[in-house]
Amino acid sequence: MLKYDLHIHTVASGHAHNTLLEYINQAKGLKMKAIGISEHGPSMDGAAINEVYFRVLDRLPEIVHGIRILRGIEANIIDAKGSIDISEKIIGKLDYIMASLHSGTPYKERGKKMNTEATIKAIRSGKIDILTHPFFTKDFPMDVEKIFKEACLHNVMLEINLSYVKERKIQPDTFENLKKMISTVKKYKKKVIVGSDAHNIWELADDSGLEKIMDKIGLKENMIINNYPKELFAQLEIE
Ligand SMILES: [Zn+2]
Ligand SMILES: [Zn+2]
């Protein structure tokens, strides 16, 4: 089980099934240290959320029932320039910014070259801390090797998304892409971040699926930044 899980969706997203308090109680039961709430950016179809939601996140207590609450977002890359769907003002208020291409957003599939360019521009923008599920290319084909390299060069963490290593989300090259991702991260002496992408409390911090594939993808415990909270917080520039 992860002690730090920064990829969580609550009922506020419009398509997840538990409240923040339920996540906190679950996290307490799992003896976790911190959870990060990271709702999808407001441009996603069906999002029951707008900028105001993110603006008032700082009114939440920092610690509840012994669990540190981090304020994040899983923003959407919305155009060929790599723009994301949240303003600079909000970016400055949040603890961390995650982003990627998602279906049901203003970004429509533009082919491998354009998808890669848009993602690289988002990486180079300096606005993003974490690129979510970058090894998943089914909806948006991408040159993953280029993206992994750019992320490492620009200090953007690459995510091993636990939801996308589950059977229903596996694509033919999932493990191949993960292997490439890990070898690139290793080459640049970086670490990967692991996130559950929980849409309910039972998915929170559950990394049992990862344990089974670690050898296969060449991942070692010492390459996972979740195991080094000080380093993780330093990378996110939070205390
Ligand atoms: Zn996502
Ligand atoms: Zn997500």
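The values are calculated or read from the model by the stated rules, or taken from the named source; none is laboratory data. What you see is a predicted model; the values in this text were computed from it and never measured. Heads up: the accessible areas ignore ligands, DNA and RNA and are worked out on the full protein's heavy atoms, side chains in. Shrake-Rupley method; radii C 1.70, N 1.55, O 1.52, S 1.80 Å.
What area, in nm² and to one decimal, does the C-alpha convex hull of segment 92-187 cast on average over all directions?
6.5
Solvent-accessible surface of segment 4-235, averaged per residue with a 1.4 angstrom probe and all protein chains in place: 45 square angstrom.
Compared with the alpha-carbon gap, the fully stretched path from residue 25 to residue 58 is longer by 9.9 nm at 0.36 nm per residue. With only Cα atoms counted, segment 4-235 has Rg and Dmax values of 16.4, 47 Å. Listed by chain and number, the lysines whose alpha-carbon sits under 17 Å from that of residue 121, ignoring those within fewer than 8 places in the same chain, are 81, 108, 112, 113, 146, 149.
The accessible surface of the chain, taken with every protein chain in place and a 1.4 Å probe, is 51 percent carbon and sulfur.
Applied to segment 97-109, the Karplus parametrisation 6.51 cos²θ - 1.76 cosθ + 1.60 on θ = phi - 60° returns per-residue 3J(HN,Hα) values of 10, 10, 7, 5, 7, 9, 6, x, 10, x, 7, 9, 2 Hz, with x for Gly and Pro.
Proximity of backbone amide H atoms, modeled 1.01 Å from N, is registered between residue 83 and 78 at under 5 Å, excluding neighbours fewer than 5 places apart on the same chain.
Scaling against 2.2 N^0.38 Å puts the C-alpha radius of gyration of segment 151-239 at 1.08.
With both bridge residues required to lie in the chain, what share of the DSSP beta bridges run antiparallel, to the nearest 5%? Counting only bridges with both partners in the chain, antiparallel ones make up about 10 percent. Measuring between their Cα centroids, segment 24-98 and segment 204-223 lie 25 Å from each other.
To two decimal places, what compactness ratio does segment 1-54 give when its Cα radius of gyration is scaled by 2.2 N^0.38 Å?
Values: Rg = 11.9 Å, N = 54, 2.2 N^0.38 = 10.0 Å.
So the Cα radius of gyration is 1.19 times the expected 2.2 N^0.38 Å.
Our coupling estimate for segment 67-76, obtained by passing each phi through the Karplus curve with A = 6.51, B = -1.76, C = 1.60 and θ = phi - 60°, is 9, 6, 10, 9, 10, x, 8, 9, 6, 9 Hz, Gly and Pro reported as x.
Couplings 3J(HN,Hα) of segment 228-238, computed from phi: 10, x, 4, 5, 4, 5, 4, 4, 8, 6, 10 Hz, in residue order, whole Hz [Karplus 6.51 cos²θ - 1.76 cosθ + 1.60, θ = phi - 60°; x for Gly and Pro]. For a straight C-alpha distance cut-off of 18 angstrom, the aspartates and glutamates reachable from residue 189 (same-chain residues fewer than eight places away being disregarded) are 129, 145, 150, 159, 221, 231.
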